[in-house]
Structures are given as structure tokens and as C-alpha cells.
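This report refers to the structure that appears directly beneath it.
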Amino acid sequence: MSHCHRYTPASGLSRRAWLTRMTGGLGAIALADLLSGQSQAAMAGLPHFPAKAKRVIFLTMTGGMSHLESFDYKPELKRLQGEQIPASAMAGKKPLGMSSRQSSFPLVGCSVDFAQHGQSGAWISASFPHLAKVADELSFIKSLYSDAVNHDPALAFLQTGAQLSGRPSIGAWLDYGLGSVNKDLPAFITLTSNRPVDQPLSSRMWDSGFLPSRYAGVHFRSGADPVLYLSDPQGLPREATRRMLDGLRDLHDMERAADGDAVIDSKIEQFEMAYRMQSAVPDATDISKEPQSVLDLYGEDVKKPGSFAKNCLLARRLAERDVRYIQLFHPGWDHHGSLPMGFEIGGKEVDQAAAALITDLKQRDMLKDTLVIFGSEFGRTSYSQGGIHKKTGNYGREHHRDCFTFWMAGGGIKPGVSHGSTCKFGFRVTENPVSMHDFHATLLHLMGIDHERFTHRYQGRDFRLTDVSGKVVKELLA
């Protein structure tokens, strides 16, 4: 009691200063680890084993891209078009979402043809002729399923492993666990295509949740300033910014000496990171020096700010600079009606650039340690939402969480594999189901992380990306 009495407010120290002095030693150790570029979790033994992938590029098709118009060929649907989906296919389940009020559920086939490609014989629709050329690099998961059927909770489930907001996203988990490689750029960067959509994206989808905010994704915009408030004010030379930061550091050193507040060091490090980004970000996002052959590879949209093509090229440039997790969001796949026309537009926007990214990475010997993922938050129903237009054959599809398709390439993935299968109507999984937690477990495994051992304690519970389930899909591993 007498020892503690020396640190009461009566001794001239505030309660805050007393607490700081009592915890300053341990706090300084923890802060030193943070500022060394390594995360707290990294200091606890991560990665758990040698990683197959050094980085991830996730091409996210938001809105619920139809697996039936892309990579899950179901000729039976076209043969039976207009007939009611059998009760056996529904397997006792009631229709979800807006189609729950329908009285009729007519099957509808894909409006474009499918063909097999490459030595793997992968079935790919005519909407993706460029991806068809790299078919042997792709591995398909055709038996994915989700717990959510509406956009926001389903996208949150894909991003964080939980339907409700407040959990860390995949990129935040990886940054927290593995730290940053490039000290001049964020470890987690997101880019969004500029296009008119019905489903707006929220920054919650790349948030750090209950992890420290430094692990949140940094969203690069498509304008002249990719990161808001990063540029120096007009007329202010860069040398002045450097002098200001040096002076600010001196003031912070004085305050820390007086109060012992370790948070000050974290704040000044954020300022320093922003200063370094002032040079690194413009360099990473400047495609003017790319050879014409590379620009041609990505297609004519590559010079359009905010296009998927340009974002794919930027993703390759960021991957070259060792950004650990890069996520591209391409909205516009919510085709409740006019699906044939909408899917044709979407396919043209993403097909060439996605294939170019695979080719570009392979040419640079980067595909072997870059994991590329292409997927959506859920699939679409094998029956039409509403009726099928008698004259035009136009149709739409409802959200469907019970089965959909991803493809993955590079980064330790076995090429040319098709894992899992669905029924002849593409309505339910019949072989090798893969949950969203299984997908997350596999992604972490490729990055050298055992998902069951990778946790963060919050409010008395050990949380993890895979919650309380998930298994690695070993059949996909090279």
C-alpha cells in the first residue's frame, strides 16, 4: 500500500501518468514490435509453416454472379426450359428471397453456349473467351455454399466469416498475422470498378473490425488522388512537409518524455507512413511506362480510370511491390431480370483483364506465389425469377446460396482441377461441399497459417476468421 501511495495524484502525477509508468515497460515492448513492421500475431510464431503464396489478388464479382451462365454447365436446363423445377431438386427447401412469393418456378437454360477448353476440359461459357484460353491455369470450386441469401450479409460473410458487421476482413486478418513487406505501401489495398450499380459497397467490407484500425484496407480511388488527403497542399514543397514532420516528432518526443504516452509513437508512425506513401502511391499507380504490349494484353479499357482492366493492371503492379492482399470489387451482377444482356456486358468488362492478369503474372514468374481468386457472394437459381419472356426469351435469376462457383489460380493451387459438383439443375451440391469457412481455411493455409491456431481475443472470446468450423480443401493444393 505504501509503495502505491507514492504514485497517487498527491505526488504530482496524474492518474493517467501513474498508469502509464506502471505499464510503460510492457507497452514499449509491444509498440516496438508493431513499429518494426511485424504484427503482434507474427511475433507469436506466424507463419505456422512455409507458405505457398506470398500475396493474394481477389477479383470479387459483387451482386451474385450466376454460376449457370459462367462455369457450371447444365445442359438439362435448356432441354427442360419452361418446365417447373422438380420437388426433388428443391429437396424440401422453400424458395428464399423475393422468389418466395412466386407461384411458378420455370427452369431456364443459359442463353449462351458452353464448350470445353484446355487439356483439363474445363467447361466455360462463351461469355469468357479469354479466360477459356488460360483454362489449364484455373481450378474451379463448383460446390461452394453460403449461409446468407441477401447481398449485405452474404458479402460480409464472404469478407469476414460472419454475416453481421464488426469482424475483421480477410485482408485485415492477413496483415495482422503476417505484417507488411513493403514499408511504403499498405499491406491491404482495395480497388472498386466505376460502374452504375444497384448494390453500393461499404467500407465495412474491408474494415479491421475489432483489430486495431491500422489493419484496415486502404481504398484506392480512380481519380488523380488515389488516397484522400495524401497530397501536399498546393504550393507547399515536399521539403516543408519533411521539416514539419521532423518538428512534430520533436514535440511528440517532449510530450512522451513528460507523460510516457506510448500512443504518441503510433500516431507519428502513421504520419511517417503517409509521407512515404506520397512517393510510393503515385509510382505504383502510374501505368504510363507500361509497354504497349502489356496495355494491349489487358484490353482497350486499361487506360480508363476505374475500369476493371486498369484495376487488374494496378493489382499486378501492387503485387510486384509486395502488397500482401489486393482486392478488386466489380459490382453489377445482380440480374433479377434481363440477365442475358446484363451478363454479356459484365463478361466483356472482366473477361480479358482477368485472363490478362493470369498471363501477366505467369510471364513474370509471379503466378507461382500469387494466389488469384475469382468469385461472388452467392450464385443464382436454376429457375427464372418471374416468367420467361415468350418473344425475346428474356429472363432473370434469384439469389441462391446453396451452390455457386469460384475459380482460383497460382499460389500453391493445383491447376486444371474441378472440385465438387452440383445436381443436374445446378440447384444443390451433390459432391464435396465447400463452406465459406472451408474456403477461408484453404486461403489461410496457402499463406502459411493454420486457421484453428490463428485467433484474436476480444471481449473474452478467441475469435478467428473461420469462426468455429472450416477445413482445408486439400484436393485443391499443388
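Values in this text are rule-based calculations from the coordinates and carry no lab data. This is a predicted model, so every value here is computed, not measured. Cβ coordinates were reconstructed from backbone atoms using ideal geometry, including for glycine residues, and neighbour counts include every protein chain displayed.
Structure above, values below:
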| read-out | value |
| --- | --- |
| The chain - mean residue ellipticity at 222 nm from DSSP helices (-39,500 (n - 2.57) per run, n ≥ 4, rounded to 500) | -10500 deg cm²/dmol |
| Calculated over segment 62-127: convex hull of Cα atoms, volume per residue (Å³) | 126 |
| Whole-number percent relative contact order across the chain, with pairs defined as alpha carbons under 8 Å at least 6 apart | 28 |
| Share antiparallel - DSSP beta bridges, the chain, percent rounded to 5 | 50 |
| Where the Cα pairs of segment 329-478 fall when distances are cut into 10 Å bins, in % | 10, 29, 33, 21, 7, 1, 0 |
| In degrees, nearest ten, helix 308-320 long axis to first principal axis of the chain (Cα) | 50 |
| Segment 396-478: C-alpha gyration tensor shape, a/c 1.5 cut-off, then a/b vs b/c | oblate |
| Within segment 263-390: Cβ-based charge dipole about Cα centre, in debye rounded to nearest 20 (Lys, Arg +1; Asp, Glu -1) | 200 |
| Angle in degrees between helix 263-285 and the longest Cα principal axis of the chain, rounded to the nearest 10 | 50 |
| Calculated diffusion of segment 138-260, Stokes-Einstein form, Kirkwood radius summed over Cα pairs, 37 °C and 0.692 mPa s, µm²/s | 184 |
| For the chain, size of Cβ-based charge dipole, Lys and Arg +1, Asp and Glu -1, in debye | 720 |
| Segment 151-231 - charge dipole about Cα centre, Lys and Arg +1 at Cβ, Asp and Glu -1, debye rounded to 20 | 80 |
| Nearest-ten-degree value, helix 436-446 long axis tilted from longest Cα axis of the chain | 60 |
| Dimensions in Å of segment 207-318 - Rg and Dmax from alpha carbons | 18.4, 59 |
| Label-point separation in nm, residue 424 to residue 279, each point 7 Å along Cα→Cβ | 6.6 |
| Members of 142/391; 267/368; 142/414; 78/348 lying beyond 26 Å, as alpha-carbon distances in this model show | 142/391; 267/368 |
| Spin-label zone in segment 410-434 - amide nitrogen under 20 Å from a point set 7 Å from the Cα of residue 81 along the C-beta vector | 424-427 |
| Reduced Cα scattering model of segment 105-155, Debye log10 I(q)/I(0), q = 0.27 Å⁻¹ | -0.96 |
| For segment 114-209, Kirkwood radius (reciprocal of mean inverse C-alpha pair distance, Å) | 16.4 |
| Too-long pairs where the Cα-Cα distance tops 24 Å, listed order kept, from 74/133; 52/304; 93/474; 52/74 | 52/304; 93/474; 52/74 |
| For segment 303-400: Kirkwood Rh in Å [reciprocal of mean 1/r, alpha carbons] | 15.5 |
